[in-house]
Structures are given as C-alpha cells and as structure tokens.
Amino acid sequence: MRKPIRKAVFPVAGLGTRFLPATKAIPKEMLPVIDRPLIQYAVDEAREAGIEQLIFVTGRGKTAIVEHFDTAYELEHTMSGRGKQLDVLDATRIQPGNLVTVRQQVPMGLGHAIWCARAVVGDEPFAIFLPDEMMVGEPGGKGGCMKQMVDAYNEVGGNLISVLEVPQDEVSSYGVIAPGVKISDALTEVVGLVEKPKVADAPSNLIISGRYILQPEVMRTLENQEKGAGGEIQLTDAMARMIGGQPFHAVKFAGRRFDCGSKAGFVEATLSLALERPDMADEVRAIMRRLLAES
Ligand code: G1P
C-alpha cells in the first residue's frame, strides 16, 4: 500500500522583487487574483487533492500569510453582529494544528527552502506547491493539478513532477525534463532533469511547472547538494541525482496554467478568472470590449 500524500510544502520566503513596490510591505503570495490571495488558490488545490497538513517555508515580513489562515475574531464578531454571512471566510479555515511554519533565514534557493521543512516532512512522501504558478483545472474535468498528480501517484508511486510544454526559446527560465518511456497521454517517465539550461542544451521543451510529489529521501539528497544555476541550491539538481534509484514520472496537467510570477501572467489570470465568474463575467466582458475598442 502506498503511503498517502498528507503533507504539502509551500516555499513562500521569496522577496517578490518583481512586484515592487506592491510587495514592499505585503508578501507577494498575498496579492489578490480578484478577491482571493494567490496562496489561497494553491491551498485550495492542495485540499482538493486530500492534503491535510500545510507547511509554509516563510521568512521575515511574511506573517500576513499565516494570519490569513487564522481565525479573525474581531472581524467575525463584527460581521455576525451586522447580520453578515461568514461563508466568505470558509476557505481560510484550517484544522487546528494543520498549519506549520518553518523559517528559511537566508534565501539560498528552492532546494534549500524545501530542505528547511525536513523535520516536519519526516519520513513521508510529500507535495510541493510553488504558489506563483497558478494551475486551474478544467470545469467538469479531472480536477486540479495536484489532484491529477495524486491520481497518477496512486498508479505509479515514486516521484512525480507536473510538466507543460513551452516554446523552445523560453526553456532557459525553467527546470526542463528529459522524457523517457511514455506510459499514457498524460504520464511519461523522466530520465533526466536540468535547471535553467541554455536553449541549445535543453533536453526537451517540457518544463517543470511548480507541482511535485517527492519521496522523503530527497531531503537527504538536498543535505549535501552543491550550488547550481544562479548560485542557488536547486531542487531540480537534487531530483536529478535521485533518478535511477527511484521511479520518476512527469504528469502533463490537463488544465490551464498562469504564470503569476510575472506581471502580465498575473493580469491574464485575473481577466481569465473574472470572465468565468457568474457574479462579474458580463460586466468584465463589457469593460474589456470597451478598453480594446479604445486602445
Ligand atoms: C522554479 C524551479 C524550476 C521551475 C519553476 C516553475 O524556478 O526551480 O525548475 O520550472 O520554478 O515556475 P524559479 O521560478 O524559482 O526560478
């Protein structure tokens, strides 16, 4: 019997310099797409996949993320007193004890951030979410990205990475996989991994898109991981060293991905989700038409 995926690590210690000055006093993960902060979308995706414990790897100035998932007594008391519904806060409620934070004191890369969570992860397979990557499942489809990955994990076990195709000239911004045997349309064996390769050296145009299911052994591999691309300790490099010793598969996500680490991607996510919201779609569509006609 495979161990279930109960824990997820969210590396949220990054400084968010690409969104300054917006992120000077608030974490980038708290920037809203319509009326929910970015972190909420990742947490919702985790819960849909059956994940119980959320492990945030945070740093200085990031407490708003933890506050977001706490009970706001004064707010709830005042709202109830005014006869207001509290269900808008439902998504922010966490079972007591199911949110854990660890600190990454120095920004030394994604691999280092994940390693900071080793004591909480313990000896279980676990998920990783990079909240900048917003993954939206198809309506009536196979669920969110992590749900699709957990379904695949239940079939093949081991380690899984979500991947998507990008134009070849964009691969240098990402971790790239070398695909092996194709198991099904959505599932492929991974035989190699390289972080931020030169376009000419990239083994494919399938990039790692910010969702992982990893075996706990990755923590021991990260322990002695040397610095890689950008002078940082890279998760991709540690995973690459595990290939061969452990099964590794890539899952092609059936759904849409928004790169909320970039400003244009953030705007795209906002517009796209607004056009699907029954409470605002008509109004937003009319605004967009007018703006396009005027531009
Ligand atoms: C990280 C990972 C990279 C992955 C990317 C997805 O890179 O290291 O492998 O493709 O996230 O967004 P970063 O964006 O932190 O440079």
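The values are calculated or read from the model by the stated rules, or taken from the named source; none is laboratory data. From a predicted model like this one, the values you see are computed outputs, not experimental measurements. Please note: Cβ atoms are built from the backbone with ideal geometry, for glycine as well, and neighbour counts cover all protein chains shown. Surface accessibility is based on the protein's heavy atoms, side chains included, excluding ligands, DNA and RNA. Shrake-Rupley method; radii C 1.70, N 1.55, O 1.52, S 1.80 Å.
General observations
- Considering only 38, 19, 68, and ranking their Cα positions along the charge dipole of the range 14-75 that arises from unit charges at the beta-carbon of Lys, Arg, Asp and Glu, the one farthest toward the positive end is 19.
- Remark on the range 148-295: ratio of C-alpha radius of gyration to 2.2 N^0.38 Å is 1.26.
- Only helices enter this figure: runs of n ≥ 4 DSSP H residues, each worth -39500 (n - 2.57), summed and divided by the residues of the chain, yield -8500 deg cm²/dmol at 222 nm to the nearest 500.
- Computed magnitude of the charge dipole of the range 191-295 (debye, nearest 20; Cβ of K, R +1, Cβ of D, E -1): 200 debye
- Most mobile listed residue (162, 80, 173) in the chain, GNM with C-alpha springs under 10 Å: 80
- Cα gyration tensor, the range 251-295 - rounded (a/c under 1.5), prolate or oblate: oblate
- Separation between Cα centres of the range 92-162 and the range 220-295, rounded to whole Å: 14 Å
- Overall, the accessible surface of the range 117-215 at a probe of 1.4 angstrom is composed of carbon and sulfur to the extent of 50 percent.
- Among 269, 119, 254, the largest mean-square fluctuation in a Gaussian network model of the chain, built with springs joining Cα atoms closer than 10 Å, belongs to 119.
- Per-selection Kirkwood Rh - the chain (Cα, Å, 1 d.p.): 20.2 Å
- Cut-off 14 Å between beta-carbons: net charge of the residues surrounding residue 38, Lys and Arg +1, Asp and Glu -1: -2
- Among beta bridges that DSSP assigns inside the chain, antiparallel share in %, nearest 5: 60 percent
- Given charges at beta-carbon only (K, R positive; D, E negative), |dipole| of the range 141-205 in Debye: 120 debye
- Each label was represented as a point 7 Å from its Cα along the Cα-to-Cβ direction; for residue 87 and residue 184 these points are 3.4 nm apart.
- Among 31, 75, 160, residue whose mean-square fluctuation peaks in a GNM of the chain (springs only between Cα atoms under 10 Å): 75
- Loop GluC sites (Glu not before Pro), the range 1-81 (other Cβ atoms within 10 Å of the site Cβ: 15 or fewer; DSSP): 52
- Trypsin sites (Lys or Arg not before Pro) restricted to DSSP loop in the range 176-257 with at most 10 other C-beta within 10 Å: 198
- Among the listed pairs 147/182; 7/227; 7/198, those beyond 32 Å (Cα-Cα): 7/198
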